[in-house]
Structures are given as C-alpha cells and as structure tokens.
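This report refers to the structure that appears directly beneath it.
The values are calculated or read from the model by the stated rules, or taken from the named source; none is laboratory data. Bear in mind that the values here come from a model prediction, so they are computed numbers and not experimental data. Note that each Cβ is placed from the backbone with ideal geometry, even for glycine, and that neighbours are counted across all protein chains shown. Please note that ligands, DNA and RNA were not included when accessible areas were found on the heavy atoms of the full protein model with its side chains. Shrake-Rupley method; radii C 1.70, N 1.55, O 1.52, S 1.80 Å.
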Amino acid sequence: YYTKSFAVEHLLDSSLEPALDDHLVRITDIEDDSEASRALFDFRIADIAMGSGHFLIAAIDHIERRFSIYLSERPLLGVREELNRLWRIAAENTGKDAEEMGIDHNHLLRRQIARRCVYGVDINPTAVELARVSVWIHTFVPGIPLSFLDWRLRCGNSIIGIATQDEANRIINEHGTQMS
C-alpha cells in the first residue's frame, strides 16, 4: 500500500518537476490573466498504482508549492477570486471566521489541486479507501466537502483498459452519461 519515500522523491524530481516546469512556461506565455487563471489548474497527474496515496500526497504538496510561488510572482485574479469564494463558503458553512480557523489560500490551493489535477487508480479496494482518506485528511478544509474523491480516486485495473473513445462512450452510456 505504501511507496517508499526515496521512490516518491525520485518520481517527483524526474517526472513531476519537468512537467510542472513545462506547464508553468505555458501559463507564463498566456498574456490574458483570465485565460491564464483557467489554464493554471489544467495540469493532470495520475498514479495508476496509487496504493495508499503516498505519491499523490507528495505530488499535491509539490504542485501547491510551485503554484504558490508562481502566484506570488504573477497574481492571477481569477485564481484569487476562486480561492476567496471557497474561503467565504468555508466561513458560511461552519459559522466561523475562516481566518480564525487557520484557513489560508495555501490550504484552499492544495484542495483545488486535489480536486482538479489529481487522479489515481488501484486494483485493491482497501488501498483506494486508504488513498481517499489520506487525500481527504491532507486537503481537508472545514465547511467544504470533498465528494469529488470518489470520482478521482478509483478502484480498477490500470493495465486492462479501453482502446477508443467510442468504447468509453459505450461503457458510459450503459450508466446514463456521455463523454464529450
């Protein structure tokens, strides 16, 4: 269920870091701040044998640090508005001041990264539940649900899959939803 730290660090340095570098260069090349705000979270990472989610947790932290640095150098209004909206939701849903609860933009950014950038699959249902709980605890913000984890972290066999979009649509249509 657990990927050793040396392997996680190697994957972060050799795979995630170069992909983040490329992504942030693409965002920097976008002159329009509202378009750049939308594109910031257009970054995906998948762990196809996620176990308990050790790599995903480390990746969320890594991405959060890089996005925070980027946003300190180029404050994107759209991202700030999204984080402020979540901050207000947390305060409204808990009836407490979000700042007093210790919620800051980095907590909210980490949550959004988990919500919009991270995917995982494991064949073992226990490992999937462990990963969901790990990500939930790590990105928890009082007053904001994390129901998306059931969709993002799935039980399945990542080696056997589908070959075409038509095949995916056929499978999904059996469950009442169409992919576009």
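Structure above, values below:
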{"quantity": "Any hit, the stretch 110-125, residues being among the acidic types (Asp, Glu) and closer than 30 Å to GLU31 by Cα", "calculated": "no"}
{"quantity": "Pairs where the first residue, in the stretch 1-25, is over 13 Å from ALA58 (Cα atoms) and the second is open to solvent by 40 Å² or more (accessible area, probe 1.4 Å) and part of a helix (DSSP H, G or I), C-beta under 8 Å, 6+ apart", "calculated": "TYR1/THR126; TYR1/LEU130; LEU20/ARG66; LEU24/ARG66"}
{"quantity": "Qualifying residue in the stretch 142-151 (condition: at pLDDT 90 or above, open to solvent by less than 70 Å² (accessible area, probe 1.4 Å), under 30 Å from GLU100 (Cβ atoms) and in a helix (DSSP H, G or I))", "calculated": "no"}
{"quantity": "Matching residues in the stretch 62-81 - criterion: being surrounded by 18 or more Cβ atoms within 10 Å (Cβ to Cβ) and either of a type in the set (Asp, Glu) or not in a helix (DSSP H, G or I) (or both)", "calculated": "GLU64, LEU76"}
{"quantity": "Condition met for ILE57 (open to solvent by 20 Å² or more (accessible area, probe 1.4 Å), at pLDDT below 95 and closer than 24 Å to SER134 by Cβ)", "calculated": "no"}
{"quantity": "Residues being closer than 28 Å to TYR2 by Cβ and in contact with a Gly (Cβ under 9 Å, 6 or more places away or on another chain) - total across the stretch 143-174", "calculated": "3"}
{"quantity": "First in the stretch 28-50 and over 30 Å from TYR2 (Cβ atoms), second anywhere and polar (S, T, N, Q) and surrounded by fewer than 17 Cβ atoms within 10 Å (Cβ to Cβ), Cβ under 9 Å, 6 or more apart", "calculated": "ALA36/THR28"}
{"quantity": "So ILE48, is it open to solvent by 70 Å² or more (accessible area, probe 1.4 Å) and of a type in the set (A, V, I, L, M)", "calculated": "yes"}
{"quantity": "Close pairs (7 angstrom Cβ cut-off, 6 or more residues apart or separate chains): closer than 11 Å to THR139 by Cα and open to solvent by 10 Å² or more (accessible area, probe 1.4 Å) in the stretch 97-126, charged (D, E, K, R) and at pLDDT 95 or above anywhere", "calculated": "ASN106/GLU64; ARG110/GLU64"}
{"quantity": "Checking GLY156 against (1) open to solvent by 80 Å² or more (accessible area, probe 1.4 Å); (2) at pLDDT 80 or above, the condition it does not meet", "calculated": "(1)"}
{"quantity": "Candidate set: the stretch 88-102, residues that are of a type outside the set (D, E, K, R) and farther than 19 Å from SER147 by Cβ; chosen: the one modelled with the lowest pLDDT", "calculated": "ALA98"}
